[in-house]
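Before any comments, here is the structure.
The values are calculated or read from the model by the stated rules, or taken from the named source; none is laboratory data. Nothing here was measured: the structure is a model prediction, and the numbers come from that model. Because the Cβ atoms are built from the backbone with ideal geometry, glycine has one as well, and the counts that use them run over all protein chains shown.
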Ligand code: GDP
């Protein structure tokens, strides 16, 4: 089978969702990047970055085979709601993909998803979106099926993860990277 190598991609990824669902924790778990914390309070936004290598099997008519690629994932994480409102413009600008996050232990954070989806559609338009049910290490108040149904309804990818244990965190960024790569 054929393999195509691609590299030098750089994807801006934004995280949205209620306060305290674990957006910062997910980003930090992914990038192991603890040192830029101060930026968040001064600019209202924090960044984490990490290069990933991944691959996917394409059954495309133009190329059927394996794509291997590397992509730098630049993850943007807004501070509190008031900050977020101020920086909305630059926050969404040129984002290639989004993580819409809720907390499986917090039903309200799931109920609020419509608001975040509307925000995303208004400010960014159609990009690959991954719906993330975080805190899978805690007792669940939102079933896996509810999360999955919501994602299917909106054409999003779906994953449950724990920033605390690290479960599915790398997998989630890989999943999103592949979806973005397909559109490049
Ligand atoms: P943000 O406001 O969405 O950025 O949320 P934070 O990342 O600041 O997390 C809010 C709180 O939830 C903090 O006390 C975190 O330690 C905690 N937290 C984040 N992710 C997890 C997780 O996967 N499991 C558990 N048990 N707690 C988490």
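Here are the numbers for the structure shown:
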{"item": "Within segment 116-144, considering residues that are surrounded by fewer than 15 Cβ atoms within 10 Å (Cβ to Cβ) and more than 15 Å from the ligand (Cβ to nearest atom), the one farthest from residue 184 (Cα to Cα)", "result": "143"}
{"item": "Residue identified as over 21 Å from residue 28 (Cα atoms), within 16 Å of the ligand (Cβ to nearest atom) and either under 17 Å from the mean Cα position of the chain (by Cα) or surrounded by fewer than 22 Cβ atoms within 10 Å (Cβ to Cβ) (or both) among 85, 103, 170", "result": "85"}
{"item": "Among residues of segment 138-174, those that are in a helix (DSSP H, G or I) and in contact with a strand residue (DSSP E or B) (Cβ under 6 Å, 6 or more places away or on another chain), counted", "result": "6"}
{"item": "Test: residue in segment 147-154 that is over 20 Å from residue 95 (Cα atoms) and touching a residue at least 24 places away in the same chain (Cβ under 8 Å)", "result": "yes"}
{"item": "Odd one out for residue 49, checked against (1) loosely packed, with under 12 Cβ neighbours inside 10 Å; (2) away from the ligand (no atom under 16 Å from the Cβ); (3) free of Cβ contacts under 8 Å to residues at least 40 places away in the same chain", "result": "(1)"}
{"item": "Filter pass, residue 91 being within 16 Å of the chain's Cα centre (by Cα) and either modelled with pLDDT of 95 or more or at positive phi (or both)", "result": "no"}
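Quick grid of which residues meet (1) touching a strand residue (DSSP E or B) at 6+ places or on another chain (Cβ under 7 Å); (2) surrounded by fewer than 17 Cβ atoms within 10 Å (Cβ to Cβ); (3) modelled with pLDDT of 90 or more:
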site	(1), (2), (3)
11	yes, no, yes
21	yes, no, yes
25	no, no, yes
35	no, yes, no
40	yes, no, no
61	no, yes, no
68	yes, yes, yes
74	yes, no, yes
79	yes, no, no
